[in-house]
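Written below as C-alpha cells is the structure these notes are about.
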Amino acid sequence: YSSAVQKFSQTLQSFQFDFIGDTLTDDEINIAESFKEFAELLQEVELERSMMVQNASDLLIKPLENFRKEQIGFTKERKKKFEKDGEKFYSMLDRHLHLSSKKKESQLQEADLQVDKERHNFFESSLEYVYQIQEVQESKKFSIVEPVLAFLHSLFTYNNLTVELTQDFLPYKQQLQLSLQNTRNHFSSTREELEDLKKRMKEAPLTCKLPGQPTIEGYLYTQEKWALGISWVKYYCQYEKEAKTLRMTPMDQKPGAKQGTLDLTLKSCVRRKTDSIDKRFCFDIETNERSGTITLQALSEANRRLWMEAMDGKEPIYHSPITKQEEMELNEVGFKFVRKCINAVETKGITTEGIYRTVGSNIQVQKLLNAFFDPKCPGDVDLQSSDWDIKTITSSLKFYLRNLSEPVMTYRLHKELVSAAKSENLDYRLGAIHALVYKLPDKNREMLELLIRHLVNICEHSRENLMSPSNMGVIFGPTLMRAQEDTVAAMMNIKFQNIVVEILIEHFAKIYSGPPEDSAAPPVPPPRVTARRHKPITISKRPLRERPVFFRASVGEGEGE
C-alpha cells in the first residue's frame, strides 16, 4: 500500500494538464496546480501512515477507467471514422479533378453530386472528431480532478492520525471545489455555444471563409509545366488579404525534390474560362516574384468564388446566404423593456432559487416580446401582472440582450476586455476593465450600469436564490459580450467574458463611482510596487501546527497567559 501511494504521488507530481487557449482563468490555475498540492499532502501523510483504502476503487479507479473507456475510447473511434472518410473523400476528389471538362454535362453533374455527398460525409466526420477532442480536453479539467479529490478526502477522513490534517484540508477542498464548479459552469456555457456553432456550420458546410476576415486557407492544385508535359501539384495555400501574401506549401513532396514553401505577393487574380483549359474550377494569378501566370485549381465552384473574393479577382463577390433573426436595437423602447423587467424581477422574484439560470417557455417568451415590441403600441405590457411569471420575464430579458444588433459591450472593445480579463495582475485587470467601461458609447454604458446594478442586487440575496457573482457571470458573459465572428477560438474566450461580468458585479461601486483619473490608458502599477497577482490556492505550503501541550495549571494561572 505504501509503495502504491508513493508511486501515485510521483505520478501526480509529474502530471501536466493540457489547456486549450492562450491564458488560464484563476480557477484553471488552481486546478492545474492541484495535483502538485495533492502530491505534497500524500508525502506528508506517508510519514505517519495508517490509512484505509476500501473506497479507492469506487472513488478513484472506476471513474478514471470509465473516462478513459467512454471518452478517450470514443474519441479514438471518431478518429478512425474521420481518417477513413478523409481517405475516401480525397481519393474521390483526386479522381474527380482529373475528369475532362469535355465530358457530357450529365456525367459531370453526376460526378459533382458524388463528390458533394462524400464532401458532406467527410465534413460531418471532421466536425464530430474535432468536437469530441474539444469535449475530452475540456471535461478532463474536472472529470479527472474530482475523483482524485474524492479519493483524498476519503483517505484523510478515515485516518485516525490525521484529524488536524483533515481540518487543514477542508478549506482547501472547498476552494478547489468552487474552482471546479466555476470551471464546470464555464464549460457548460461554452458547450452550448459550440453546439450552436456546430449546428450552424452543418447547415452551411461550404462556407469555409468567415465574413469580415480577410485570410483564407485550404488546398489548391497548381499547373506545373515540365519538359515532358504538364502536371498538377497539390498545395496547401494561405492568403492574407491585407498584405496580399500567398503562402504555398507542397503536399505531394517527392523524394529528392528541393521544392519547399513558396511565399508570393499577389498582383492580380482572374477567373479562368472553362473552354480555355481541360480542368474545372480554375483561376489565374500573377505575382511579383514569378514572371508569367500561375494557374490554380480550386476544389469546387463555390470554393473558387471564395478564393477569388479574398483575392479581389475579376469575379462577382460571393456571399453565402445567411438567415438571421430579426435584430433588436438599443433604443428608447429597449431601455423601457429592460427597466420594466428589472422592476418586475426585483419586486416579485429576487429571492427565487436559480433566478436567470432557470429557462422560461419559448412560446411565452415570444408572446411577451411580440406584445412589448408591437410597433402599434410599444411598451404597453404590464409585467407586474400574474400573466407573466419570473422565468418568462428573465428569459425575455436575456433574449433581448442576446439579439441586439451589437452586444451591450460592443464588438470594438471585445478584444481589449477579454485581454484585460486574461491578465495575471489583479490590479491591472480591474483598472483596465474600469477604464474600458468608460470607453463605451453613452447609451451602452447606461444600459450596462442598469443591468450590473440589478445583478448586484440579485447577488445580495444569494443565500435565498443561490446565485453568486460567478454564476451570474456564466449567464450574462455571453449575453453582454460576444465576438463579431463565430469561431471555436472565440468560443474558448467565453470563460473570460464571464470573468469580465463577474468583476463588474464584484467591483460595481468602484467602477461606477466615476471614470479613472486617466481613462485614455488602463493604469499600470508603479515599477517598484510589487504587483498583486493571483496566487494558486495551496495547502502544502501552510505553516505546520504545533501539537497541543497540556499543563496541570490552575484557571487563574491560565488566565494570566
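For the range 376-399, indicate whether the set of residues that are under 22 Å from the mean Cα position of the chain (by Cα) and on the phi > 0 side of the Ramachandran plot is non-empty. No, the range 376-399 contains no residue that is under 22 Å from the mean Cα position of the chain (by Cα) and on the phi > 0 side of the Ramachandran plot. Take the residues in the range 109-129 that are free of Cβ contacts under 8 Å to residues at least 24 places away in the same chain and aliphatic (A, V, I, L, M); name whichever of them is nearest to K202 (Cα to Cα). Only one residue fits best here, namely L113. In the range 199-230, the residue that is nearest to Q484 (Cα to Cα) out of those that are open to solvent by less than 50 Å² (accessible area, probe 1.4 Å) and at pLDDT 85 or above is I216.
Counting the residues of the range 415-428 that are at pLDDT below 90 and surrounded by 22 or more Cβ atoms within 10 Å (Cβ to Cβ) gives 0. Could you please find all residues in the range 140-163 being open to solvent by 60 Å² or more (accessible area, probe 1.4 Å) and modelled with pLDDT under 85? Within the range 140-163, T157, Y158, N160, L161, V163 qualify. Residues in the range 294-315 that are under 10 Å from V270 (Cα atoms) and of a type outside the set (A, V, I, L, M) were compared, and the one that is modelled with the highest pLDDT is T295. The residue of the range 174-197 that is nearest to L42 (Cα to Cα), among those that are in contact with a Leu (Cβ under 8 Å, 6 or more places away or on another chain) and buried (at least 18 other Cβ atoms within 10 Å of the Cβ), is L176.
If you go through the range 277-296 and keep only what is in a strand (DSSP E or B) and among the charged types (D, E, K, R), you end up with D284, E286. Would you pick out the residues in the range 316-354 that are under 29 Å from the mean Cα position of the chain (by Cα), open to solvent by 30 Å² or more (accessible area, probe 1.4 Å) and modelled with pLDDT of 90 or more? Scanning the range 316-354 gives a single hit, E353.
Entry remark, the range 256-312: residues being open to solvent by 60 Å² or more (accessible area, probe 1.4 Å), under 20 Å from K234 (Cβ atoms) and of a type outside the set (D, E, K, R) number 4 in total. Counting only residues that are in contact with a Cys (Cβ under 9 Å, 6 or more places away or on another chain) and not polar (S, T, N, Q), which one in the range 467-484 is most open to solvent (accessible area, probe 1.4 Å)? Once the filter is applied, the top-ranked residue is P469. When we screen R357, R445, R412 for residues that are assigned to a loop (DSSP other than H, G, I, E, B), within 27 Å of E485 (Cβ to Cβ) and open to solvent by 30 Å² or more (accessible area, probe 1.4 Å), the only hit is R412.
Just one of L436, L450 is open to solvent by less than 40 Å² (accessible area, probe 1.4 Å) and at pLDDT 90 or above; which is it? Don't jump to the end; show me each part of the working.
Values: L450 fails: open to solvent by less than 40 Å² (accessible area, probe 1.4 Å).
That would be L436, the only listed residue that is open to solvent by less than 40 Å² (accessible area, probe 1.4 Å) and at pLDDT 90 or above.
Tell me which residues, restricted to the range 485-500, are more than 17 Å from Q181 (Cβ to Cβ) and open to solvent by less than 30 Å² (accessible area, probe 1.4 Å). Please lay out each step first, then the result.
Just the residues of the range 485-500 that are more than 17 Å from Q181 (Cβ to Cβ), to begin with: 485-493, 496-497, 500.
Of everything in the range 485-500, those that are more than 17 Å from Q181 (Cβ to Cβ) and open to solvent by less than 30 Å² (accessible area, probe 1.4 Å) turn out to be A490, M491, M492, F496, Q497, V500.
Give the residue, chosen from Q107, Q137, Q132, that is over 26 Å from L180 (Cα atoms) and either in a helix (DSSP H, G or I) or at pLDDT below 90 (or both).
Numbers: Q137 fails: over 26 Å from L180 (Cα atoms); Q132 fails: over 26 Å from L180 (Cα atoms).
Just one listed residue meets the conditions, Q107.
Only residues that are within 30 Å of Q137 (Cβ to Cβ) and either open to solvent by 60 Å² or more (accessible area, probe 1.4 Å) or in contact with a strand residue (DSSP E or B) (Cβ under 8 Å, 6 or more places away or on another chain) (or both): list them for the range 102-120, please. Selection gives H120 alone.
Applying the criterion of at least 1 residues that are surrounded by 14 or more Cβ atoms within 10 Å (Cβ to Cβ), in contact (Cβ under 8 Å) with a residue 40 or more places away in the chain and over 29 Å from the mean Cα position of the chain (by Cα) to the helices (runs of 4 or more DSSP H) found wholly in the range 1-101 leaves 2-14, 26-47, 73-97. In the range 385-397, of all residues being part of a helix (DSSP H, G or I) and farther than 14 Å from K340 by Cβ, the one that is least open to solvent (accessible area, probe 1.4 Å) corresponds to S395. Looking at the structure I just gave you, is D382 in the same structural domain as N444 (by the TED database) and open to solvent by 60 Å² or more (accessible area, probe 1.4 Å)? Criteria met by D382.
The values are calculated or read from the model by the stated rules, or taken from the named source; none is laboratory data. Only a predicted model underlies this, so the values are computations on that prediction, with no experimental measurement involved. When we count neighbours, we look across all protein chains shown, and the Cβ atoms used for this are built from the backbone with ideal geometry, even at glycine. The accessibility values were calculated without ligands, DNA or RNA, using every heavy atom of the protein model including side chains. Shrake-Rupley method; radii C 1.70, N 1.55, O 1.52, S 1.80 Å.
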